[in-house]
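The values are calculated or read from the model by the stated rules, or taken from the named source; none is laboratory data. It should be emphasised that the depicted structure is a prediction, and the values quoted were computed from it without experimental measurement. Don't worry about glycine lacking a Cβ; one is built from the backbone with ideal geometry, like all the others, and counts go over all protein chains shown. Heavy atoms of the whole protein, side chains included, go into the accessibility calculation; ligands, DNA and RNA do not. Shrake-Rupley method; radii C 1.70, N 1.55, O 1.52, S 1.80 Å.
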Amino acid sequence: MPSYPFHPLRAGRVAACCLAGSLAACAVPSWAQVVQPASVNQQGYSFLLGFGRLNHQYQEFPSSQPVHSRVRTSTPILSTGAVYAVTPELMFSLASEVTFFADTATETWTATSDAFNGRTLTNRVLQTNKASFSNSDTQVLGHYRLGGEAFLLGGPSVRTQSFRRHSFALGADAAVSLPSVATVEESSTEVLMHLGAGLETGGVKGHSSHYSLKALIGLPMVRRVENTNHPGVTFNSTRGYDLSLEGRYSMAVHPGVHLGLWGRWNMARRSAQTQTITDSSGSTTLELPRNEQTSLGYGIELLWKL
């Protein structure tokens, strides 16, 4: 058998390199080390939010009158969907959300000063009415891994909303006219595009805990708003934006099954739009007021990948 000469200098260099590599690895803090993505089979999960609520506030700011309105509702919410892994670097999610058993609350229309239409007010509340709100939203997002648990997010959503107003009542000064119909319903449908970033541990299978965070900005691409008080009139302005922050955290209760908490804050602002309609009685200018919606959703959800 051939023999090879032993070189002490060469062996010393190898030992020094190994020692230096070990010290370098120990010197790097855990948060700075690159997290290798899990296999595709371990990534992704399905989820169901069965015990949730959506606290919602809606405000209108008409430009044609010195008045604004506000109503707060709280309704149960049901959300379901899944995160699918295509490759270790690419995932996509599908989520569907709907409110049910709509809450009925009091909407208050308040003057912004002590005078309205040339008369002095003893009470700034001009009108009250009962209002209910319903919402459904379907969202598809692509998740592109930037590195470790960081992802770039983007994709569309379709949202439909309905506001029903009834039981109109005048304020103390009777300074406005009430609608001539018992119930007024305003419905809207929107298609939005979202872009943002998030953190995602990837999956629940084989993990004792899981979390995800995401921040998104959404811009309306298509919008259609109709009101039963003015049949045949459609508003379609897409000026406005959405902002949202969403997070979830869960722990394993069974292999491949997690139970956890979910929460989301969302704000939606839409600019005003006016239209002039002409009929046999003349021309009338209608306004879809500037409005702002803020909501806080939360609940207990089940996540699984079996």
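Observations on the model:
- In this simple spin-label approximation, Leu170 and Glu287 carry label points 7 Å from Cα along the Cα→Cβ vector, and these lie 2.2 nm apart.
- FRET E, pair Val191, Thr122, Förster distance 45 Å, beta-carbon r, rounded to 0.05: 0.45
- Among Ala215, Phe51, Val40 - extreme Cα towards positive end, dipole of the chain, charges at beta-carbon: Val40
- Prolate/oblate/rounded label for the chain (Cα gyration tensor, a/c 1.5): prolate
- For region 106-194, the fraction of C-alpha pairs more than 22 angstrom apart is 55%.
- Carbon/sulfur fraction of accessible area - region 78-117, other protein chains in place, 1.4 Å, %: 66
- Average accessible surface area per residue within region 200-244, 1.4 Å rolling probe, Å²: 51
- Using a cutoff of 8 angstrom between alpha carbon atoms and counting only pairs six or more residues apart, the relative contact order for the chain works out to 17 percent.
- Unit charges on C-beta of K, R, D, E only; dipole of region 256-306, Debye: 280
- Note on region 247-306 and region 119-186: Cα centroid distance 9 Å, given to the nearest whole angstrom.
- Full extension of the chain between Leu213 and Thr238 gives 6.2 nm of extra length, using 0.36 nm per residue less the Cα-Cα distance.
- Summed side-chain charge close to Gln273 - residues other than Gln273 whose Cβ falls under 10 Å, Lys, Arg +1, Asp, Glu -1: +3
- Each other residue within a Cβ distance under 15 Å of His143 adds +1 if Lys or Arg and -1 if Asp or Glu, for a net charge of -1.
- Rounded percent of accessible protein surface that carbon and sulfur make up, region 188-306, 1.4 Å probe: 61
- Helical runs (DSSP H, four residues minimum) scored at -39500 (n - 2.57) apiece and divided by the length of the chain put the mean residue ellipticity at 222 nm at -2000 deg cm²/dmol.
- Theoretical FRET efficiency, 1/(1+(r/R0)^6), r = Cβ-Cβ of His230 and Leu199, R0 45 Å, to 0.05: 0.50
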